[in-house]
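Laboratory data are not the source of any read-out in this text; all were calculated from the coordinates shown. A quick note: this is a predicted structure, and the numbers were derived from the prediction, not measured. So basically every Cβ, Gly included, is an ideal-geometry build from the backbone, and we count neighbours across all protein chains shown.
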Amino acid sequence: MKSRELDAPSPVWAETTAGARARDRVAGFLRQCLALAEMELRKLLHDPTELATRAVQPALWLAVFGQVFTRVRAIPTGQLRYLDFMAPGVLAQSVLFIAIFYGIAVIWERDLGIVHKLLVSPASRVALVLGKALSAGVRGLPQACTVYLLAWLLGVKIDWQPGALAGVAVAVMLGAAAFATLSLIVACIVKTRERFMGIGQVLTMPLFFASNAIYPLEIMPGWLKVAARINPLTYEVDAMRALMVEGGHSFYGIGMDFLVLVATTLALTGLASRLYANLAR
């Protein structure tokens with residue numbers, strides 16, 4: 001009896017081993033996500049001209065649309081100038097337009113056989129989806145720098161405090177991750193580039209205009225307010241407006257904004273990880 005008791009593992013040792021295994025699994029999962037994100041970001045480094053072309057759209061919105069409506073003063077924005085009010089919305093729109101077409105690259109990967117190789121790798125489907133979402137989030141950061149520069153040149157009162165800048169960076173990454181995951185879901189369903197482009201264009205305009213990006217919630221009709229409240233872009237813009245611009249405030253509260261963005265990203269990631277294998281069929 002004594003020898004059996006000596007050979008049995010102690011509860012402390014067993015608990016330590018279980019904790020070490022759990023840490024190893026988490027570390028392995030993070031390595032898989034980061035490896036896929038690094039692979040995606042190398043594509044951006046090989047084509048730096050993409051950053052320049054992405055700057056055209058926010059420049060037009062800020063320099064033309066924003067300047068004109070600031071002079072007209074047709075939209076009530078409280079104590080903020082319309083250009084200051086609009087700058088966070090333009091940033092969120094730029095990130096949305098980048099992320100919503102992210103799925104087309106996945107369809108290209110399917111046609112090239114890359115998806116099949118990823119699916120037979122040891123990486124879990126959740127890690128594959130989160131890795132792509134993370135890379136989309138990092139891709140949104142250069143766009144944020146571009147919009148910040150354009151807004152500063154146009155006289156927008158930017159909040160340059162480190163905490164505010166970090167908060168905007170997190171909001172950009174979460175928003176890009178959420179909409180890139182939504183894009184991946186669409187790609188898993190339609191499976192062809194032509195159909196995806198059509199659906200992507202259909203999604204961008206309702207998401208953008210049914211939000212508080214270019215006009216406040218208070219002046220919306222009742223049905224549009226309902227649509228805006230269930231639109232994740234509304235909460236992304238709401239957080240950015242409070243953090244990016246001096247004198248800006250959050251309508252829902254910054255904590256609620258980030259909670260909605262995190263919950264949306266996790267929910268879409270769970271759905272996308274279930275559908276990801278459909279691309280290989």
Please report, to one decimal in angstroms, the Kirkwood hydrodynamic radius of segment 119-241 built from all distinct Cα-Cα pairs. 16.4
P(r) over all Cα-Cα pairs of segment 139-199, 10 Å bins from 0 to the longest distance, whole percent per bin, short to long, reads 20, 35, 24, 17, 4
Order these peptides, 161-167, 208-214, by their mean beta-carbon neighbour count within 10 angstrom, highest first. 208-214, 161-167
Do any GluC sites (Glu not before Pro) in segment 154-236 lie in a loop, going by DSSP, with at most 12 other beta-carbon atoms within 10 Å of their beta carbon, and if so which? none
Enumerate the residues in segment 190-205 having an amide nitrogen under 11 Å from the point lying 7 Å beyond the Cα of ILE104 toward its Cβ. 193-201
Sorted by Cβ density within 10 Å, fewest first, the residues SER135, SER94: SER94, SER135
Förster radius 22 Å - calculated FRET efficiency between THR53 and LEU153, Cβ distance, rounded to 0.05: 0.70
Amide H contacts of VAL245 (H built 1.01 Å from N, under 5 Å, at least 5 apart or other chain): ASP159
Hey, what did segment 196-281 get for relative contact order, percent, Cα under 8 Å, at least 6 apart? 20
